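Shown next, in structure tokens, is the structure this report addresses.
Where a number appears in this text, it was derived from the coordinates with a stated rule and is not lab data. Quantities reported herein were computed from a predicted structural model and do not represent experimental measurements. Counting neighbours? That spans all protein chains shown, and the Cβs are built from the backbone with ideal geometry, glycine included.
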Amino acid sequence: MFRRGSPKLNLILSKASKRKNSPKVSPKVRPTKDNGSTSSEKTRAAWNPAMEKTLVDLLQDHNTPEYRSQNGWTSEAWNKIVKEFHEKEKYVSFTKLQIQDKEKELKKAYKLLKEARKQSGASWNNERGMIVAEPAVWANIIKSHPNAKRFRNKSFPLFEALGELHDGHIAEGTYNFTSTRLHNPPEVIQDEKRDEETTNEDEEARTSAAVARNKEPTNEDEGSSLTRRAAAVPRNKEPKESKRQRKSSNIESIMERYVEIRAKQIESETAQSTKEKEDAQAKDFSIKSCISILNTMDVTKEEKVRAYSVFKNPDSREIFLSASDEDPKSAMMWLRNEMV
């Protein structure tokens, strides 16, 4: 024990007081790992127009009541779409999430262009697959829809095909139409209702007449009613089938136009690349470069004059300059041989 008031006791009490009043330090917490998407799923996939068309084709193939609900494609449908996509595009490996994200991106682009083309003064060019408008009209479009700026000079050939997929599945205003692929067209439904109402009216009229004559409806009356109903069914089916045929034909024409546009774009890009290559080659093997090399060699004025005629040929210029880099003497010997 220490005597009360001793320096050593005071030091011990002071240290104890400091430990008591010092704030407690919380233990370090390691950040938890993200259990969500993997890094490969978050990586943005590199798509090209051909792969986008493949995806839209598969979405069209699975745009049926079996695979499609009001909120989009079912999980079973997506599994089949992903599998068939990789069977068609064997050199890419996208996750299901990446393919679903691309579908959402295409849908978003379709909705954007659909709203943008409603701008007064704007029109849609089916051949080019893009909005056509004056600069002032485009300024108004971009003001209302800033993201539409990227489509000012860029075609979107899949617009109509996406319209076939999403019109009726995209809520617009206070209405939410259902897809024409999943249900009968409105005009067919109206025809069916009219035929049904007419048949019911005929039934009621015959029944009333039979009661007035104090007898039940005859088998002959029932037979004629069944005949009229049977005749009404083909009439209702014909517009439905023709509607589907028109829709299928429309999709085929859209895809053909898309392929044609892409072929023209590739041809234009190839021609531009060839021209740039030729221009670069002409610049590298120019007459000026040949004369500059010739001036460094031991030649007479007469030989220079004759060499100018040789330099008129692009192939001769290329041979002379290439040989000069490796062996100037051999290049000069070749040039004198060409000047003969």
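Which whole-number percent is the relative contact order of region 47-166 (Cα, under 8 Å, 6+ apart)?
The value is 22 percent.
Dipole size in debye (nearest 20) for region 47-166 around its Cα centre, Lys and Arg Cβ +1, Asp and Glu Cβ -1?
560
Please work out how much length the chain gains when fully extended from ASN295 to THR95, using 0.36 nm per residue of separation minus the C-alpha to C-alpha distance, in nm with one decimal.
65.7 nm
Compute the label zone of LYS264 within region 123-151: residues whose backbone N is under 20 Å from the point 7 Å along Cα-to-Cβ.
Answer for this model: 123-134, 151.
What residues qualify as long-range amide H neighbours of MET130, i.e. H under 5 Å apart, gap of 5 or more or another chain, H built at 1.01 Å from N?
ASN125, PHE156
What list do you get for MET333, MET255 if you sort them by fewest beta carbons within 10 Å?
Ranking MET333, MET255 by Cβ neighbours within 10 Å, fewest first, gives MET333, MET255.
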